[in-house]
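Read the structure below first, then the notes.
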Amino acid sequence: MSAVEEVVTEAPAVEAVPKRAMTLGLGTSLVVLGALVLAPLFVKNFIIFQMTMLLIYGLAVLALNILTGGSGQFSLGQSAFYAVGAYTSAILMEHAGMNYALTLPIAGLICFAFGFAFGQPALRLSGIYLALATFALAVAMPQLLKLHFVEHWTGGVQGLVVTKPDAPFGLPMGQDMWLYYFTLVITIGIYIASVNLLRSRSGRAFMAIRDNEIAASAMGVDVALYKTLAFGVSAGITGVAGGLGAIAVQFVAPDSYTITLAISLFLGMVVGGVGWLPGSIVGAAFIIFVPNIAESISKGLSGAVFGVLLFIVIFLVPHGARQIAIVAQQVLSKFKK
Amino acid sequence: MELFTNQVLAGIATGAIYACMALAVVMIYQAIDHLNFAQGEMAMFSTFISWQLMQWGIAYWWAFLLTLVISFVGGIVIERLLFKPLAKAPVLTNVAGFIALFAVVNSVAGLIWDFTIKQYPTPFGSSPFLGSQLISTHQAGMIGVTLLLLVALYVFFQFTRIGLAMRAAASLPESARLVGINTSWMIALGWGMASAIGAIAGILIAPVVFLEPNMMGGVLIYGFAAAVLGGLTSPLGAVLGGFLVGIFENLAGTYIPGVGNELKLPIALALIITVLVVKPAGLLGRPIVKRV
């Protein structure tokens, strides 16, 4: 057999993003934070619920961003990790009667282990092959959750109902508002941790792998370890988001975590700007609100409207919200002069 | 033993569906180096076009030919309008583009032809083939058409100038351009051909799974599995992979206890992951060596 081998110089899958460009300046961060803290005081409960979901999806997109923007690995399977996190929280709360806040770190840890384990076989794959393998995981997950012998725990097709927690210490706020602030605190904590992670030694290792794997390994970066670690961290954060999602929606069922969710999260990352962490929240807003807008424009054609809007975004701003932010910054600095 | 033979036959029959789809997947992967997630939806749309033509009273084979032409042109138009401008964009943007295309095509088909399930005619009839209850004449015809298509593709790529040019443009675009091949149009041609092959797949599959906008969802995943198993760079591998996935799926459903219908899909997916891990290039694909 003649060994025909294809030799390619592969361009990095993800464009290099300098690490300073991955975050917001201090001033802008404070303005955004202020808006997020004050906004719920002025709106109705349903909108507070939607803002909570915005933060939760933002977290999940952020997790994917660490994986793709940080270490350059694809994933179309984030919904699987999200589902594991959601089910962990739900089962611990409903079957073991555990406090909701305590279930989140456990969900995170289990997902970290799951992601780390899944990262092992994924090590040998890159680019489109990795996208396929994770895609397969996402498609299989709802079926696995419906399996007969875990039905006692997962509730099978019916799923599980989760009780929504009350505000503690007799704080004068509704359930929705308490959950919003609870989610906000966790989101900010994870965001700061992620920014620090990407600025650390490990973060530099991720980025070296993203930009050139062979060169990184020649410099002494343990490629296998850091690639699986990136998968683990990403899965862990997604798991926490999943747990929060279960508490906010008060319900987990296999069909809430289909491939559609994974694709949404992926789109959120592209729209927000790959490798730009604050963009995650913009991306989350896109995937939560744009389908609603599409529905309101035309009921029968909502899918088409969504697709067209997505095309418009990738044609006008292929780098997502990051591009808009950079342009805005340049305009602002002109005004200052 | 009889059970085994029967299951293998039934597996080959379903495998023909996957083989068709895998062939279309491999075609476009060869041309543009991406997996087209909207491939199944494009095939579904083509099938609806042929159905509509038949509703207007055009004979089956004329409708078939006309649909191939329309799909071919449609594929080229989609490439020129939507994906040529994205050629230099990052891979992720392209994947987002495929997803957008998926949403648009699915929704438009639903609007034009609505979501009710439609019968689709077959030219081969549906009586038992050679007295076997497991494989119908339609399924036998489907296997025949798939193999014919494979031979046609082989001849096209090996023995025609344009086939050679397409291969050159796919494997070494820079050098191909230097010897005067219009690589940009070769990509468009690849899209057109993939779209036409998808149309054939759709038309052959429709009598089995019935015609509706979501008919390709499951098939595409098996098509991916088949393409990966056979090797994303080899049309022959894709067809072989399709039959193997079909057989494997049926045998697993019969012989492994606890695997009912509900676990068939996860099994196909486990197969994808196993193949990717053990032999990423697939059975017949070329290994890819990376250079710094």
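Only the coordinates and a few stated rules stand behind these numbers; no lab work does. Remember, it's a predicted structure, so these values are computed and weren't measured experimentally. Cβ placement follows ideal geometry from the backbone for every residue including glycine, while neighbour counts extend to all protein chains displayed.
Here are some notes:
- Alpha-carbon centroids, the stretch B:76-116 and the stretch A:195-218: separation in whole Å: 34 Å
- Residue-averaged [θ]222 nm for the protein assembly as shown, counting only DSSP H segments that reach four residues, each worth -39500 (n - 2.57): -23500 deg cm²/dmol
- In sequence order, calculated HN-Hα J values of the stretch B:232-248 (Karplus, 6.51, -1.76, 1.60; Hz; x Gly/Pro): 5, 9, 10, x, 4, x, 4, 5, 4, x, x, 5, 4, 4, x, 5, 4
- Diffusion coefficient, µm² s⁻¹, Stokes-Einstein with Kirkwood Rh over alpha-carbon pairs of the stretch B:50-99 at 25 °C and 0.890 mPa s: 193 µm²/s
- Take each residue in A:254-263, count the other chain C-beta atoms within 10 Å of its C-beta, and the mean is 1.
- Diffusion coefficient of chain B by Stokes-Einstein, Kirkwood radius over Cα pairs, 20 °C, 1.002 mPa s: 109 µm²/s.
- Using only Cα coordinates, the Kirkwood hydrodynamic radius of the stretch A:128-186 works out to 14.9 Å.
- Working note: Karplus 6.51/-1.76/1.60 with θ = phi - 60° gives the stretch B:36-47 the couplings 8, 6, 8, 3, x, 5, 4, 5, 4, 4, 4, 4 Hz, where Gly and Pro are set to x.
- Averaged over B:80-93, number of beta-carbon atoms from partner chains that fall within 10 Å: 4
- Shape parameters for the stretch A:187-226, alpha-carbon atoms, Rg then Dmax in Å: 11.5, 36
- Over 30 Å (Cα to Cα) - which of A:K44/A:K299; A:K227/B:K88; A:K227/A:K334; A:K164/A:K227 fall in this group: A:K227/A:K334; A:K164/A:K227
- Listed by chain and number, the aspartates and glutamates whose alpha-carbon sits under 17 Å from that of B:K264, ignoring those within fewer than 8 places in the same chain, are B:E249.
- The share of alpha-carbon pairs in the protein assembly as shown lying farther apart than 39 Å comes to 32%.
- Average Cα contact separation per residue, the stretch B:12-164, under 8 Å, 6 or more apart, as relative contact order %: 26 percent
- Cα gyration tensor shape for the stretch B:1-71, rounded if a/c is under 1.5, else prolate or oblate: oblate
- Virtual paramagnetic centre 7 Å along Cα→Cβ of A:T163, amide N under 15 Å, in the stretch A:77-99: A:90-99
- Packing, taken as the mean count of other beta carbons within 10 Å per residue, orders the peptides B:24-37, A:193-206 from highest to lowest as B:24-37, A:193-206.
- Averaging the sequence gap over all C-alpha pairs within less than 8 Å and six or more residues apart, then dividing by the number of residues, gives the stretch B:2-278 a relative contact order of 40 percent.
- Dimensionless Rg/Rh of the stretch A:19-336 - Kirkwood Rh, Rg from C-alpha atoms: 0.96
- Inter-label distance, nm, simple model (7 Å from Cα along the C-beta direction), B:M1/B:I117: 3.8 nm
- Centroid-to-centroid separation of the stretch B:143-168 and the stretch A:54-73 [C-alpha atoms, Å]: 42 Å
- Distant-in-sequence amide contacts of B:I135, defined by a placed amide H-H separation under 5 Å and a gap of 5 or more residues or a different chain, comprise B:F129.
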